[in-house]
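A.B. asks: Before I ask anything, let me first share the structure, which is written out below as structure tokens.
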Amino acid sequence: MGFIEVKDLKVHYPIRSGFFNRVTDYVYAVDGVDLHFEEGKTYGLVGESGSGKSTIGKTIIGLERATAGEIIYEGQNVTNKPRRKKGSFNRDVQMIFQDSLSSFNPKKRILDIIAEPIRNFDRVSPDEEKKRVLQLLDTIGLTEEALVKYPHEFSGGQRQRIGVARALASNPRLIIADEPVSALDLSVQAQVLNYMKRIQDEYKLSYLFISHDLGVVQHMCDELYIMYRGRFVETGTKEDIYDHPQHIYTKRLLSAIPSIDPINRKQNKERRLAAEKEYLEKQSVFYDANGRVFDLKAFAGTHQVALPDTKGDN
Ligand SMILES: Nc1ncnc2c1ncn2[C@@H]1O[C@H](COP(=O)(O)OP(=O)(O)OP(=O)(O)O)[C@@H](O)[C@H]1O
Ligand SMILES: [Mg+2]
């Protein structure tokens, strides 16, 4: 049992059209997914653009409404509850966005940006507050000078680290990081991820890393959720997913990981083409007649795969 359990979560957005602006259809952005979060573990949520990853993150922290399903925090149902009724959930779950520049108020100094959660959740003296902000800056490798600067005075990598510091300021248990490094150069990506990994033990943090790239999260994650069109096609441990992938969609994502090794480049290209071919050929087996992902089924131990019902198994 995790400290957060998400059960059969659905988020459907109405599509309105016509003269009367009636709801004519729905976008099934998230359509029946289960997640759980245990202390100190790192989870990956991976899928292509538009598969519903950000919607899951935003719904967990309460930026979007769940159409159905439950978000259970320490046994308490916090689904669609107003912030004031969610108790410590608000401080225990924080989110970092891809583009920190737009999520920071450009007119605020770094001191005020990082101190905001402290001001929201704890009443401390200005001295104590400054001490905590300095400690957070130190954790992310910035110095006191940063306090009086503004967001635009920092590089992309530094800004993402400031985003990490702000998320940490409330001492959360779970940080949802939505593509936290995808706007950064490869070398800076590694730097930010390393910081996040390093502080994990110190702060007893769990992470949900959202990415469209299985390569980026490979070394971070203990468990993965592979998502396609609002549903999970496969979930399991790092070993299950990277060493024993079963769903054609997972295999295709794996084959898309870019290789920096020039010797294997030709081999990689062949692997990618083979995965693409398998994907095209086996679509009718792995998706139902409407192109919908099947329900997850236990495959082996921790490993679950969305496979069709077999005969007699109803
Ligand atoms: N507020 C909204 N109203 C209507 N449709 C929405 C809304 N937000 C998201 N969607 C739709 O829901 C689906 C999932 O969007 P979401 O942003 O969760 O995808 P994503 O996996 O995060 O994609 P990306 O990798 O591009 O960030 C998309 O089809 C999107 O167009
Ligand atoms: Mg997104």
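A.B. asks: Confirm whether residue 286 is free of Cβ contacts under 8 Å to residues at least 24 places away in the same chain and surrounded by 15 or more Cβ atoms within 10 Å (Cβ to Cβ).
C.D. replies: no
A.B. asks: Also: Report whether or not residue 190 is without any contact (Cβ under 8 Å) to a residue 24 or more places away in the chain, out of contact with any Cys (no Cβ under 9 Å at 6 or more places or on another chain) and under 30 Å from residue 223 (Cα atoms).
C.D. replies: yes
A.B. asks: What's the number of the only condition in (1) outside any helix (DSSP H, G or I); (2) farther than 18 Å from residue 184 by Cβ; (3) not aromatic (Phe, Trp, Tyr) that residue 98 fails to meet?
C.D. replies: (2)
A.B. asks: Could you count how many residues in segment 72-95 are within 16 Å of ligand 1 (Cβ to nearest atom) and not in a loop (DSSP other than H, G, I, E, B)?
C.D. replies: 1
A.B. asks: Taking the stated definitions as given, is residue 114 in contact with a strand residue (DSSP E or B) (Cβ under 7 Å, 6 or more places away or on another chain) and away from ligand 1 (no atom under 16 Å from the Cβ)?
C.D. replies: Answer is no for this residue.
A.B. asks: It is to be established whether one or more residues within segment 57-67 are outside any helix (DSSP H, G or I), within 16 Å of ligand 2 (Cβ to nearest atom) and under 21 Å from the mean Cα position of the chain (by Cα).
C.D. replies: yes
A.B. asks: Output the residue which, of all residues in segment 161-211 that are part of a strand (DSSP E or B) and among the polar types (S, T, N, Q), is nearest to residue 227 (Cα to Cα).
C.D. replies: Across segment 161-211, the extreme among qualifying residues is 211.
Bear in mind that the values in this text are calculations on the coordinates, not laboratory data. Owing to the predicted nature of the structure, the values given are computational and were not obtained by experimental measurement. We place every Cβ from the backbone using ideal geometry, glycine too, and count neighbours over all the protein chains shown.
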